[in-house]
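Asker: Structure in structure tokens, see below.
The values are calculated or read from the model by the stated rules, or taken from the named source; none is laboratory data. Here the structure is a predicted model, which is why all the values come from computation and not from measurement. Note that each Cβ is placed from the backbone with ideal geometry, even for glycine, and that neighbours are counted across all protein chains shown. Accessible surface areas use protein heavy atoms only, side chains included; no ligands, DNA or RNA. Shrake-Rupley method; radii C 1.70, N 1.55, O 1.52, S 1.80 Å.
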Amino acid sequence: MTLSCRGLLFDLDGTLIDSLPAVDRAWTAWSLRVGLDPSAVLPVIHGRRSLDSVRDLAPRLDSLAEDAWLRARECEDTEGVTVLPGARPLLDSLPPGSWAVVTSGTRDVATARLRAVGIEPPPGSVYGDDVARGKPDALPFRLGAERLGLAPAECVAFEDAPAGLASAVAAGCLVVSVGVPAPGIAVRTTIDRITVAVTQE
């Protein structure tokens, strides 16, 4: 399968890297710390900014302080974080400046994970703390396209979570749903089964 575009926007966790064990460890520890049941917390946090999840799950707490605690924990714990199949060859094949990461993760957590797997964070990436409204709002992917100097319609977005898929669709990107069923999404595949032709006119 080949897609033609001028830029690519990648979600991070679950799309380029597998960080699920580290994410679950941090959120389990946080849940127990604040008196919540981890089995109720873990299913609802993925694909969203940690600050938004904290506000929803524990509105009585100081959300900024709790988010800072989580961020510190996630920055320190990168054990078991790995690159997903096909991600590194695809990234290595792309022209410089043609791609960026658009993640709900904060800059400190996302860059710690990228560097843990040997990927230098690309310029123009969008982190959860860069936007006033996180996924599923369209703003993260609109900003990602803008930072590449492109319109969203000129970009292909790769996503694995419902909130991220909704964000990319709302922004107007062509969307590749990675590893999950997604009714109405243009392409469903895995990164190691796709060829991307990037034009730089």
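Asker: Would you check which residues across segment 102-127 are open to solvent by less than 10 Å² (accessible area, probe 1.4 Å), of a type outside the set (A, V, I, L, M) and in contact with a helix residue (DSSP H, G or I) (Cβ under 7 Å, 6 or more places away or on another chain) and list them?
Answerer: Residues satisfying the conditions are Thr103, Tyr127.
Asker: Restricting to segment 12-58, name every residue that is open to solvent by 40 Å² or more (accessible area, probe 1.4 Å), assigned to a loop (DSSP other than H, G, I, E, B) and of a type in the set (A, V, I, L, M, F, W, C).
Answerer: Across segment 12-58, the qualifying residue is only Leu36.
Asker: In segment 145-177, what residues are closer than 17 Å to Gly14 by Cβ, open to solvent by less than 10 Å² (accessible area, probe 1.4 Å), of a type outside the set (S, T, N, Q) and assigned to a helix (DSSP H, G or I)?
Answerer: Gly164, Ala168
Asker: May I pose another question? Here are some residues: Leu91, Leu84, Leu61. Which one is open to solvent by less than 40 Å² (accessible area, probe 1.4 Å) and either polar (S, T, N, Q) or out of contact with any Pro (no Cβ under 8 Å at 6 or more places or on another chain) (or both)?
Answerer: Leu91
Asker: Same structure again: Can you give me the number of residues within segment 1-55 that are free of Cβ contacts under 8 Å to residues at least 60 places away in the same chain and of a type in the set (Phe, Trp, Tyr)?
Answerer: Adding up the residues that qualify gives 2.
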